[in-house]
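Below: one structure, written as structure tokens.
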Amino acid sequence: DSGERRGKAERLFRLMDGFRKNDPVSLQKDILDHVEFTVARSRFNFDDFEAYQALSHSIRDRLIERWHDTQQYFKRKDPKRLYFLSLEFLMGRSLSNSVINLGIRDNCANALNQLGFEFEVVAEQEGDAALGNGGLARLSACQMDSLATMDFPAWGYGLRYQYGLFRQVIFDGFQYEQPDYWLNFGNPWEIERVHVSYAVKFYGNVEEELLNGEKCKVWVPGEMVEAVAHDNPIPGYGTRNTINLRLWAAKPSDQHDMESFNTGDYINAVINRQRAETISSVLYPDDRSYQGKELRLKQQYFFVSASLQDIIRRFKDSHSNFDEFPDKVALQLNDTHPSLAIPEVMRILVDEEHLEWNRAWGIVCKLFSLTSHTVLPEGLEKVPVDLLGSLLPRHLQIIYDINFFFMEDLKKHFGLDYDRLSRMSIVEEGAVKSIRMANLSIVCCHTVNGVSRVHLELLKTRVFKDFYELWPQKFQFKTNGVTQRRWIVVSNPSLCSLISKWLGTEAWIRDVDLLMGLREHATNADLRQEWNMVRRVNKMRLAEYIETMSGIKVSPDAMFDVQIKRIHEYKRQLLNLLGIIHRYDCIKNMNMNERRKVVPRVCIIGGKAAPGYEIAKKIIKLCHAVGEKINNDSDVGDLLKLVFIPDYNVSVAELVIPGSDLSQHISTAGHEPSGTGSMKFLMNGCLLLATADGSTIEIIEEIGEDNMFIFGAKVHEVPAVREKGSALTAPLQFARVVRMVRDGYFGFKDYFKSLCDALDGNGDFYLLGHDFGSYLEAQAEADKAFVDKVKWTRMSILSTAGSGRFSSDRTIGEYAEKTWGIEPCRCPF
Ligand code: C3B
């Protein structure tokens, strides 16, 4: 029997001592074997990229061993499992992260060294896995790292896009988008599971059948596509646990369309089949506008259907009663993108498992939790009914049924308050009748989470007010966090060593609250000196990068002032640019004496604009136009530089963040649900210049306003300022810098006109004018603090020391306990 066979094999393997070993010599042998047999190059002649491939395959072997052990252990223990459903994961590079989590970085570096290679150079060969847009997608990646490290029995599910987020190319200061065909050179980090595949159905119609004398619905699909699993092992740090990120790729199905093959048009039939692959081919690059495109909806259902077939198959392996399903499974919806999972589970339970509706609904309501990442009602997904009805006819019926029962309940609760009923209905009537995915999700999820404390407030009082009044207990928040493994240990190894040295332990890498221990050393002169040394080297590395990317020479003595994130009006890169113009203008008007007191600055901006987002693209162009002027003005020299870093992505962030002095998080208050970039800067000892928005409010509480530069209208003040008109409260300098842009001081007068117009009169929705004065004051404070090196370094140390609360370990711990009801399940070594 198979159990006996397994036992025998295991004993034999242990006898042979066959597990992969991690000493440098064994690693070296594995690397050379992979050079020869996997990469198929000569052992005696391979380059950096081939070394990267061979090392990655050697690491992958070790990940697979741990993965198997972990999955077998989970299977044996059968704990409640979490499935994290997200359409986006921004994983970045895997090599450094993996060797660090496996605890074998130094051994790998040694092994490579003896072969004549350098670990850093080899690691640089890896391209980014950019299967996501921005904060939401990187959050998923950080949370996977925490789930693995904290030994939670969890899996992530996503889509394996062939084209990740577009590459940004700058030409003449304008953004152009280029496809990111990231799989061109192979991907050693995934394991294709040709046998784990499911048929996903689309279109067709719903018929009624009699089963044991009862009528039941049967969906007869018009198209089938195959979903094939690609597994990406996610190793935890300091544990053997290695969990899985399973990404689905679309392939033509054998059952696709027998019809067309019989008509004799063989070539066209093959080409038609091939079209199936387009479903998972490209990531949508607009991170928060929903255009009701059929392909996007297809992606969402494809993802949901494959994931649920997989999850239910695993459940049925060892369970037969669906009432136990919620005791064994928690389903987490990362925003509403995967919310078709709700009608899909209903469909499976009712149509395929033949559970009675109410019983099925009872189960579904215990399964799902939602995290919302939105503050604007316009940001909420709406799917036109016509589209949904044609692509997924049975799901539309189910959604209507869910809505019918929900409306009946509402009437009992609130009476015939038709306004309220129509606001809360899952179905939106109007010119285009649509399904409100958020309403569907809230009705069915047991918990709706915000991503920061103030975000929950906004959900309760604005976005989901009606629902909060009905179900206050559903609404919670879990402030976002980021993983210190990636954002300190991987990206800033020298700071990592320094922290461990001063804390006398590496335990903070798993237990991040220990960082607080740095507080007691914040005034120690030795620490300060070592701290500055580390920061200086990181700045020099960044300066080198800037010179290679843009040809601009910058001095590491200057303050490196950074804003890197997606370009959005609400994130106010324009405010930053207007501030830079003001600084330039001031310097130009100073005499020599005054200039001597100016703190030199290198302003660094990076980020992508969604391809169709005109205003964001103009902001990028403005940045280049202003930079062109300033950087070529010899009269200003090193006092001010403005650099745009092209093609911002995870690996660029890993380089930029450790080398920054000041970072800007300056969204109009009430618009940034959380923000996570700030947390990465904080961990690296960079000071924040920020508005009191999103998670910054909690960062202020943690590290104190005196250790940061806070400015601008507060969340509760924004509506009144808007009412009055922000332009009215704008200082004179504001009008002056806007006029410089308007009058063509930086060229492209006509092109920038609309940017300027939006700041006039009753416009200025994002309050740039109103906040400009206090923004300049905060910047002046930063200059003042920077000159006082002792003070600045103390603030920097205190920033890192206070960053522990913003680890994704804390966030995941809260989700596990309060939302998912899962417990650690640690695989023994
Ligand atoms: C982002 C928000 O803009 C950030 O404030 C937040 O920190 C992250 O999500 C993670 O919660 N977000 C995004 O990247 N994409 C969206 N469509 C919506 C929100």
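The values are calculated or read from the model by the stated rules, or taken from the named source; none is laboratory data. Note that this is a predicted model, so its numbers are computed, not measured. Note that we place each Cβ from the backbone using ideal geometry, even for glycine, and neighbour counts take in every protein chain shown. When the accessible area is computed, the model is the full protein with side chains, heavy atoms only, and any ligands, DNA or RNA have been set aside. Shrake-Rupley method; radii C 1.70, N 1.55, O 1.52, S 1.80 Å.
For this structure, a couple of remarks:
- When the convex hull of its Cα atoms is viewed from all sides, segment 51-92 shows a mean projected area of 4.3 nm².
- Partner lysines for K474 [C-alpha distance under 16 Å; skip if fewer than 8 residues away on the same chain]: K366, K460, K465, K818
- Distance between the 7 Å Cα→Cβ label points at Q178 and K21: 4.5 nm.
- A simple charge model with +1 on the Cβ of Lys and Arg, -1 on the Cβ of Asp and Glu and nothing else charged puts the dipole of segment 587-699 at about 320 debye relative to its Cα centre.
- Of all accessible heavy-atom area on the chain, the percent that carbon and sulfur account for (1.4 Å): 52 percent
- Multiplying each eigenvalue of the alpha-carbon gyration tensor of segment 121-168 by 5 and taking the square root yields semi-axes of 22, 16, 10 Å, largest first, rounded to whole angstroms.
- Span from the segment 496-515 Cα centroid across to the segment 272-288 one, whole angstrom: 43 Å
- Value of relative contact order over segment 521-800, rounded to a whole percent, pairs C-alpha under 8 Å and six or more apart: 21 percent
- Of the peptides 637-648, 336-347, 61-72, the order by per-residue mean of other Cβ atoms within 10 Å, starting with the highest, comes out as 336-347, 637-648, 61-72.
- Local net charge near F405, Cβ-Cβ under 14 Å (Lys/Arg +1, Asp/Glu -1): -1
- The packing ranking, built from the mean of other Cβ atoms within 10 Å per residue, places the peptides 439-451, 373-385, 585-597 in the order 439-451, 373-385, 585-597, highest first.
- Under a model in which nothing but the beta-carbon of Lys, Arg (+1) and Asp, Glu (-1) is charged, segment 521-800 shows a dipole of about 600 debye around its Cα centre.
- Kirkwood radius and radius of gyration were both taken over the C-alpha atoms of the chain, and their ratio Rg/Rh is 0.97.
- Applying the criteria of a DSSP loop state and at most 13 other Cβ atoms within 10 Å to the GluC sites (Glu not before Pro) of segment 401-507 yields E429.
- By the equivalent-ellipsoid construction on the alpha carbon gyration tensor, segment 521-800 comes out with semi-axes of 28, 22, 18 Å, ordered largest to smallest.
- Gap separating the Cα centres of segment 422-489 and segment 565-592, nearest whole Å: 35 Å
- Aspartates and glutamates with Cα under 15 Å of K80, excluding same-chain neighbours fewer than 8 positions away: D151, D317, D323, E324, D327, E817, E823
- Within the chain: Cβ-based charge dipole about Cα centre, in debye rounded to nearest 20 (Lys, Arg +1; Asp, Glu -1): 1180 debye
- Modelled spin labels at V169 and R826, positioned 7 Å past Cα toward Cβ, are 5.1 nm from each other.
- Cβ crowding within 10 Å averaged over residues, with 472-480, 765-773 ranked highest first: 765-773, 472-480
- Cross-linked pairs K215/K293; K293/K571; K553/K753; K629/K749; K597/K641: Cα-Cα separations exceed 23 Å for K215/K293; K293/K571; K553/K753.
- For q = 0.11, 0.13, 0.21 Å⁻¹, Debye-computed log10 I/I(0) when each Cα of segment 507-621 counts as one equal scatterer: -0.60, -0.80, -1.17
- Centroid-to-centroid separation of segment 46-80 and segment 717-744 [C-alpha atoms, Å]: 55 Å
- Histogram of C-alpha separations across segment 293-411, 5 Å bin width, %: 2, 10, 19, 24, 21, 15, 7, 2, 0
- Label-point separation, S320 to V432 (7 Å along Cα→Cβ), nm: 4.9 nm
- For the chain, the solvent-accessible area with a 1.4 angstrom probe is 40 square angstrom per residue.
- Note on K724: lysines with a C-alpha under 20 Å away, same-chain residues under 8 apart excluded, are K714.
- Taking Cβ atoms as reference points and 14 Å as the exclusive limit, the residues near N762 contribute a net charge of -2, counting Lys and Arg as +1 and Asp and Glu as -1.
- Helix-derived mean residue ellipticity, 222 nm - over the chain, DSSP H n ≥ 4, -39500 (n - 2.57), to 500: -14000 deg cm²/dmol
- Dipole of the chain computed with +1 at Lys/Arg Cβ and -1 at Asp/Glu Cβ about the Cα centre; of P556, V721, A758, farthest Cα towards the positive end is P556.
- Cβ-based net charge around T278, under 14 Å, with every Lys or Arg adding one and every Asp or Glu removing one: +3
- Förster radius 41 Å - calculated FRET efficiency between R519 and N593 (Cβ-Cβ, nearest 0.05): 0.55
- Farthest towards the positive end of the charge dipole of the chain, among the residues F303, G186, C686, is the Cα of C686, using unit charges on the Cβ of Lys, Arg, Asp and Glu.
- A straight chain from W471 to S497 at 0.36 nm per residue would run longer than the Cα-Cα distance by 4.6 nm.
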